[in-house]
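Working notes, structure below.
The values are calculated or read from the model by the stated rules, or taken from the named source; none is laboratory data. Note that this is a predicted model, so its numbers are computed, not measured. Every residue, glycine as well, gets a Cβ built from its backbone with ideal geometry; the counts of neighbours run over all protein chains shown.
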Amino acid sequence: MIHTTHAVFAVALTEVMLASEHAPITWQAAATAAVAYAVAPVPDIDQPESWISRHIPGASVVSMFVRHRTLTHSLLVSALLYLVLFGLGLRIPDWLATGIWVGWVSHWVIDLVNPRGVQLFYPLPWWVKPPVPWLAIEVESTGETVIRVALTAFAVLFALAYLFLHAPLEIQHAAGEVLPDARRVVGWGTWPWFGAVCRFLHLQ
Ligand SMILES: [Zn+2]
């Protein structure tokens, strides 16, 4: 996946997380999504041609030591990052820690559809790949474009619908005809079990 696909997937995932936790509309919620958007492309620092390697001076050094889709795409690094952000008492604001972690984890989640897979259990030598060929999506393929457009549409629609459902009642009444549609869209992306998992992980 290219950096923009990772970024919009991170935003969509953050929105679903916040809605599933019934989060109020705050600047922290918006900032969480913005941080996730910015962090999502970073694990591809292990690839010298990636957008992030080309835009951070000296970043391509990482790819000389780390093979693509291994260490930075592993559960090990995700767990260590979680420990740093939430477990060491560093007093990192919740919105910042959540945005960083969700952005990072969202990266390898969507990379799991890559035909060559991800070394998720690094340093163990197993590569996790799509279980069936039709689920595999090549980087910069038409399939990736379709996914990126669909994710962008979902993220925009979902945010608008969620904002509308949290708007003052006068505004909701004034545009009452879209209320059922807004409820339906928010309903699609509100998963109680996901909200419970995120609360358990202190993501907010
Ligand atoms: Zn990647």
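Kindly indicate the residue of segment 81-120 that is more than 27 Å from Ala29 (Cβ to Cβ) and not polar (S, T, N, Q) and also nearest to the ligand (Cβ to nearest atom) among those meeting that condition. My answer is Val118.
When segment 48-80 is filtered for residues that are more than 15 Å from the ligand (Cβ to nearest atom) and either among the charged types (D, E, K, R) or at pLDDT 95 or above (or both), the ones remaining, listed by number, are Leu76, Ala79, Leu80.
Residues are listed down the side, and each one gets a yes or a no for (1) over 17 Å from the mean Cα position of the chain (by Cα); (2) within 17 Å of Ile2 (Cα to Cα):
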{"residue": "Glu49", "(1), (2)": "yes, yes"}
{"residue": "Thr72", "(1), (2)": "no, yes"}
{"residue": "Leu88", "(1), (2)": "yes, no"}
{"residue": "Leu112", "(1), (2)": "no, yes"}
{"residue": "Leu120", "(1), (2)": "no, no"}
{"residue": "Phe158", "(1), (2)": "no, no"}
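Checked against (1) over 26 Å from Leu75 (Cβ atoms); (2) away from the ligand (no atom under 16 Å from the Cβ), Leu124 passes all but condition (1).
Cβ separations smaller than 9 Å between residues 6+ apart or across chains give the following pairs from segment 140-151 residues that are at pLDDT 95 or above to residues that are part of a helix (DSSP H, G or I) and surrounded by fewer than 18 Cβ atoms within 10 Å (Cβ to Cβ): Arg148/Thr4.
When the residues of segment 17-47 are filtered to those that are within 16 Å of the ligand (Cβ to nearest atom) and assigned to a loop (DSSP other than H, G, I, E, B), which remaining residue is nearest to the chain's Cα centre (by Cα)? Give the steps one after another, and end with the answer.
Step one: list which residues in segment 17-47 are within 16 Å of the ligand (Cβ to nearest atom), which gives 36-47.
Among the residues that remain, those that are also assigned to a loop (DSSP other than H, G, I, E, B) are: 40-41, 47.
Working: Ala40: 6, Pro41: 10, Gln47: 19 Å.
Out of the qualifying residues, it is Ala40.
Looking only at residues in segment 169-190 that are without any contact (Cβ under 8 Å) to a residue 40 or more places away in the chain and of a type in the set (A, V, I, L, M), the one that is nearest to Phe158 (Cα to Cα) is Val185. Remark: pairs (first residue in segment 16-45, under 28 Å from His68 (Cα atoms); second residue of a type in the set (D, E, K, R); Cβ separation under 7 Å; 6+ apart in sequence or on different chains) = Ala33/Glu15.
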